[in-house]
Amino acid sequence: MELDKMDENDWKYHGEGNKSLVVSNVQHARVLRLLKYSTEDAENSHKTTEQAFRHIQNIVDYSQNVMKPLLGEKFVHNGEAVKLPLDFVRQLSLKVQQERPESRCDKVMDTFSGCALCLPNLTQLSCCCSREHRPPLCIEIKPKCGFLPSSRHVTKEIKHKVCRFCMHQHFKLAHGKWKRLSRYCPLDLFSGNKQRMSLAIKHLIEEPQNNFKIFKGGECIYSCKDDADVLQDVDELAQHLRPYFLPSGSLMNGHQSSKVVLNELIQVIVSALLSSWDPRKTHLSEGRVRCEASLLHRDLLRNTNHCLPKDCVLDKILGTQMLDSLDIEGLNPLFKRVEQHLQDFPKERSSLQIDGPYSQSFLEKIQNCPTEDDGSIEYAVGKVHQYRVAMTAKDCSIMITIATCGEEDGLDQSLEIQPSKPHFTYSVSILDLDPKPYESIPHQSRLDSKIVNHYLRSTLPNNQELANQSVFLGWDREGEDCTLVFHPV
Ligand SMILES: O=P(O)(O)O[C@@H]1[C@@H](OP(=O)(O)O)[C@H](OP(=O)(O)O)[C@H](O)[C@H](OP(=O)(O)O)[C@H]1OP(=O)(O)O
Ligand SMILES: Nc1ncnc2c1ncn2[C@@H]1O[C@H](COP(=O)(O)OP(=O)(O)OP(=O)(O)O)[C@@H](O)[C@H]1O
């Protein structure tokens with residue numbers, strides 16, 4: 001990328017989240033991730049170029065020195081901080097504005113600093129071997145927190161029974177963030193049990209919210225529409241997927257073929273999520289695997305093994321999420337201990353690495369934190385750092401990029417779904433690995449109480465609410481059968 005020859009016409013809108021807006025290059029498999037500011041305080045939150053560059057370099061360091069060792073070299077692409085010509089950034093901002101979903105327009109792209117993060121475009125495969133020239137497919141999943149806290153500091157029993165995602169759904173619905181409850185439960189996805197995982201993915205397809213997207217040839221073809229009233233068109237999705245999963249001469253009718261194609265997609269996703277070179281397994285302890293809000297048939301929960309192949313992407317993410325061993329309720333007093341210490345010894349903020357730098361010694365503070373509270377500031381800081389790293393892992397996304405390839409291509413990572421079906425080569429990556437601010441911990445504590453209290457108030461007197469929710473896409477009832485059933489609408 002020649003920074004002095006940047007032309008906005010070589011870039012197009014790709015997507016955005018709460019904190020950044022991403023544009024992709026039309027020719028090369030590269031993206032630029034630009035920071036966003038809230039429109040309310042855009043005036044005040046301008047950073048100088050040097051501050052913004054430092055901020056982005058911090059993200060790179062955190063990905064490289066902290067998240068990569070924890071999540072695995074092969075899954076993490078830390079990217080590079082770049083300084084772009086301001087004129088290019090301003091033109092780009094004007095160009096992408098009309099593509100942006102309204103729901104994200106409460107923030108504006110940073111057009112002042114000229115700084116961005118340059119990353120590989122993970123929706124495309126770097127080694128594209130497809131002889132049939134089918135564009136790669138990419139599935140993005142934001143899995144969220146995959147375990148129930150077992151910390152003795154938890155004061156509300158419900159937190160040991162219902163997972164944060166499922167409780168949060170009710171809060172989001174009540175506050176108008178989404179119009180329908182998602183039936184996705186992260187504990188099903190992280191269970192390691194193929195049936196439960198398939199159901200979790202079906203639920204993501206059914207109601208993707210901000211947890212599921214599909215790209216074809218780098219273009220987003222399936223995601224939550226901005227108009228939350230609109231149901232996702234799974235038949236249209238199946239049309240896109242048909243050439244990948246059904247032989248070209250297949251005589252199956254539309255309805256049947258949609259069902260087959262989506263089931264094949266789900267199997268590919270499950271295989272990619274569980275793929276590992278390590279034959280050992282990580283057994284999940286009983287307490288962590290069942291969420292009472294998940295509608296899975298009890299037999300399915302009872303009669304299954306709960307283990308993830310060691311070092312598969314889900315195992316790495318779950319292990320990192322579980323660095324939050326005390327829960328926000330147990331962490332809060334330690335956060336206060338750190339706050340008090342910083343008031344008494346403000347100069348120690350830097351040696352305790354409260355705001356970074358995210359170096360090897362930051363990772364060591366996480367890895368060498370004492371297991372028992374010895375009353376020290378080191379313990380408190382170690383736990384706060386661990387909690388922040390766990391938060392990153394609870395908010396990251398997985399990208400699975402797959403392309404078809406002939407058997408003769410002999411790739412080392414090829415997924416065999418069924419011998420008669422084409423082989424897929426795939427890559428799995430983890431993205432959105434930004435450090436979560438130290439200052440956000442009190443907010444986390446308040447949000448946790450609000451979510452739990454709302455859940456208790458709104459659902460417990462009438463637990464039928466979830467069970468009676470309309471099954472608008474007509475998936476089969478869980479537990480009885482894992483195949484998709486489409487009812488005509
Ligand atoms: O707190 P949560 O669990 O709602 O997560 C936030 C996400 O909401 P979600 O529930 O996934 O829809 C939220 O996602 P959306 O903006 O809702 O798409 C962000 O990812 C936010 O992270 P950050 O503050 O931008 O770094 C996330 O905040 P953090 O808690 O990770 O800081
Ligand atoms: N390296 C990449 N390659 C391809 N697409 C990417 C890449 N990085 C981000 N994206 C796309 O851009 C979207 C927004 O990026 P990202 O999740 O990093 O934003 P964010 O603002 O940090 O999100 P959040 O709301 O979780 O804070 C992603 O959901 C993904 O679709």
> Which of the peptides 436-444, 213-221 is most tightly packed, and how do the rest follow, going by the mean number of other Cβ atoms within 10 Å of each residue?
Replying inline: 213-221, 436-444
>> Within segment 3-120, what whole-number % of the accessible surface is contributed by carbon and sulfur, with the 1.4 Å probe and all protein chains included in the calculation?
In response: 45 percent
>> If I compute solvent accessible area with a 1.4 Å probe over the protein chains, what percent of it on segment 153-227 is carbon and sulfur?
In response: 49 percent
> Shape of segment 99-219 from its Cα gyration tensor (a ≥ b ≥ c, root eigenvalues): rounded if a/c is under 1.5, otherwise prolate when a/b > b/c, or oblate?
Replying inline: oblate
>> Which entries of Lys68/Lys172; Lys156/Lys450; Lys68/Lys161 have Cα-Cα distances beyond 24 Å here?
In response: Lys68/Lys172; Lys68/Lys161
> What accessible area per residue, rounded to a whole number of Å², is obtained for segment 166-246 using a probe radius of 1.4 Å?
Replying inline: 33 Å²
> Taking the highest mean first, how do the peptides 266-275, 175-184 order by number of other beta carbon atoms within 10 angstrom per residue?
Replying inline: 266-275, 175-184
> Counting only heavy atoms of protein chains, what accessible area per residue, in Å², does segment 1-140 have with a probe of 1.4 Å?
Replying inline: 50 Å²
>> Suppose each label sits 7 Å from its Cα in the direction of the beta carbon; what would the Asp4-Gln97 distance come out to in nanometres?
In response: 3.1 nm
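The values are calculated or read from the model by the stated rules, or taken from the named source; none is laboratory data. As the structure is a computational prediction, the values presented were derived from the model and not from experiment. For neighbour counting, all protein chains shown are included, and Cβ atoms are generated from backbone atoms with ideal geometry for every residue, glycine included. Calculation scope for accessible area: heavy atoms of the full protein, side chains included, ligands and nucleic acids excluded. Shrake-Rupley method; radii C 1.70, N 1.55, O 1.52, S 1.80 Å.
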